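What follows draws every value from the coordinates through simple rules; no lab data is involved. Note that the structure is a prediction, hence the values are computed from the model and not measured. When we count neighbours, we look across all protein chains shown, and the Cβ atoms used for this are built from the backbone with ideal geometry, even at glycine.
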Amino acid sequence: MIIISRKLQIRFLLGFILTLLFFTPCLSQQQEAARYPTRAITFIVPFSPGGSTDLAVRLIAKEAERYLGQPVVVVNKPGGGGSVGVSAVVVAKPDGYTIGQSPGGAPLFIMPFLEKLPYDPVKDIKYIMQFVELNFPILVKGDAPFKNLKELVDYGRQNPGKLIYGTNAPNSISNLIVEQIAKKEKIQTKHIPFKSSPEYQAALLGGHILFALGDFNYSLVDSGQLKLLAFASEKRSAVYPQIPTLKDLGYDIPCPVFLSIMAPKGTPDDIVRKLEDAFGQAMRQPAFINGMKDLRLTINYRNSKELTEYVAHNYDAFAKLLKELGLI
């Protein structure tokens, strides 16, 4: 008969308790991920309500509810050019109950280099999926003599100092895209930043600027008051397929203007897969597809892995660009 000393019994007991303490949180997290979701999910939009970004998110969130089995509550947190909403997602508990819309553009690829922000867009965000490509065209007045971007560039080459253009902010994606075109073509441009797209469209219609790049009012294009020359996007617009992209015209310029879904770093992979699957199915629903047609947005899907790689690639590209421009 083996007799175990009391001291050894205590050691075994302590070891057993420590093992339980170590593995219980892991088991709890796995069980929680398996049951997910058991309550409403908060979906943060880093812009004001009513815009095309907000409406697109609300459409896909509504369709995703049927696959998640829980409400998806959209909450707007505008400010800081989008960085306030991104920050709110980054600092949230990584349990899948707070997700957000990650805005391709300045909050991910420019502002982190120019400002002190509470997040690194590559290290601190879990990317779930991309669902839309935004329409960011180069715009001119409807009666402008330019039929295409080449004619605009040729005009700038022959008339130094007259290529005056507008965007919605200095050091924005739109601003940097134009500067890259100007650098490649060796032409001079003058940038006038505006507070919003309606302001630079009014300036364009009034003849105060020659062209603009960014969001636009579709009715002004439909009525012939504004004309599209090219899209600064990865994919041709579903609404204006006849208009080329900058890539089609030979410009190897990063144009990361998209809508996607993100979660805090540390969100379990099982939960990310459930979210990716639910929102991926939501994209294929007629209500979402028709809604994007109404908003004139181009559906463009990237899964979690593809989007993560795409963000990292563009982050590096803009780091290089900002250094070349002397901004960092």
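Could you pull out the pairs from 247/274; 150/190; 77/190 whose alpha carbons sit more than 23 Å apart here?
Numbers: 247/274 34 Å; 150/190 18 Å; 77/190 33 Å.
Over 23 Å Cα-Cα: 247/274; 77/190.
Sort segment 243-328 into rounded, prolate or oblate with this rule: let a ≥ b ≥ c be the square roots of the eigenvalues of the Cα gyration tensor; rounded if a/c is under 1.5, and if a/c is not under 1.5, prolate when a/b is larger than b/c, oblate otherwise. Note, shape of segment 243-328 comes out oblate.
Going by the alpha-carbon gyration tensor, a ≥ b ≥ c the square roots of its eigenvalues, is segment 137-231 rounded (a/c under 1.5) or, if a/c is not under 1.5, prolate (a/b greater than b/c) versus oblate? Mind dumping the intermediate values first?
Details: a/c = 1.67, a/b = 1.20, b/c = 1.39.
Since a/c reaches 1.5 but b/c is at least a/b, the shape of segment 137-231 is classed as oblate.
How far is helix 52-68 tilted, in degrees, relative to the longest principal axis of the Cα atoms in the chain, given as a value from 0 to 90 rounded to the nearest 10? Rounded to the nearest ten degrees, it is 30. Considering just Cα atoms, how many Å³ per residue does the convex hull of segment 230-283 enclose? So the per-residue hull volume is 106 Å³. Residue 65 to residue 265: extension gain in nm, 0.36 nm per residue of separation minus the Cα-Cα distance? Gain in length upon complete extension: 69.7 nm. Taking a straight line from the alpha carbon of residue 93, these aspartates and glutamates sit under 16 Å away, with near neighbours fewer than eight places off in the same chain left out: 32, 124, 269, 270.
Of the GluC sites (Glu not before Pro) in segment 115-196, which ones lie in a loop per DSSP and count no more than 13 other C-beta atoms within 10 Å?
Working: sites: 115, 133, 151, 179, 185; in loops: 115.
Here the sparse-neighbourhood loop sites are 115.
Counted by neighbouring Cβ atoms within 10 Å, the residues 299, 192 run from fewest to most as 192, 299. Fewest neighbouring Cβ atoms within 10 Å first, the residues 174, 52 line up as 52, 174.
Hey, what number do you get for the chain at 222 nm if only DSSP H runs of n ≥ 4 count, each worth -39500 (n - 2.57), divided across all residues, to the nearest 500?
Values: 12 runs with 146 residues, N = 328.
Using -39500 (n - 2.57) per qualifying helix, the result is -14000 deg cm²/dmol.
Given a Förster distance of 45 Å, report the FRET efficiency between residue 313 and residue 157 from their Cβ-Cβ distance, rounded to the nearest 0.05. Display every interim value, and only then the final one.
Values: r = 31 Å, r/R0 = 0.69.
Computed FRET efficiency for residue 313 and residue 157: 0.90.
Angle, helix 304-324 long axis vs. longest principal axis of the chain, Cα atoms, 0 to 90°, nearest 10? It works out to around 50 degrees. Each of 102, 197 was scored by other Cβ atoms within 10 Å of its Cβ. Arranged with the fewest first, they read 197, 102.
Of the beta bridges in the chain, as assigned by DSSP with both residues counted there, near 60 percent are antiparallel.
In the elastic network of the chain, a GNM with C-alpha springs shorter than 10 Å, the most mobile of 63, 276, 32 is 32.
When Cα Rg over 2.2 N^0.38 Å is calculated for this entry, the matching label among (1) 1.31; (2) 1.03; (3) 1.23 is (3).
Relative to the longest principal axis of the Cα atoms of the chain, helix 286-295 runs at roughly 40 degrees. Segment 97-159 and segment 240-272 have Cα centres spaced 10 Å apart. Distant-in-sequence amide contacts of residue 230, defined by a placed amide H-H separation under 5 Å and a gap of 5 or more residues or a different chain, comprise 138. When the C-alpha to C-alpha distance is required to be over 21 Å, the pairs from 126/235; 62/305; 116/235; 162/227; 62/293 that qualify are 126/235; 62/305; 116/235. A Cβ-based charge dipole, computed about the Cα centre of segment 137-231 with Lys and Arg at +1 and Asp and Glu at -1, lands at about 320 debye. Here's the picture: a label point sits 7 Å out from the Cα of residue 115 along the beta-carbon direction, and within segment 146-180 the residues with their amide nitrogen under 19 Å of it are 167-177.
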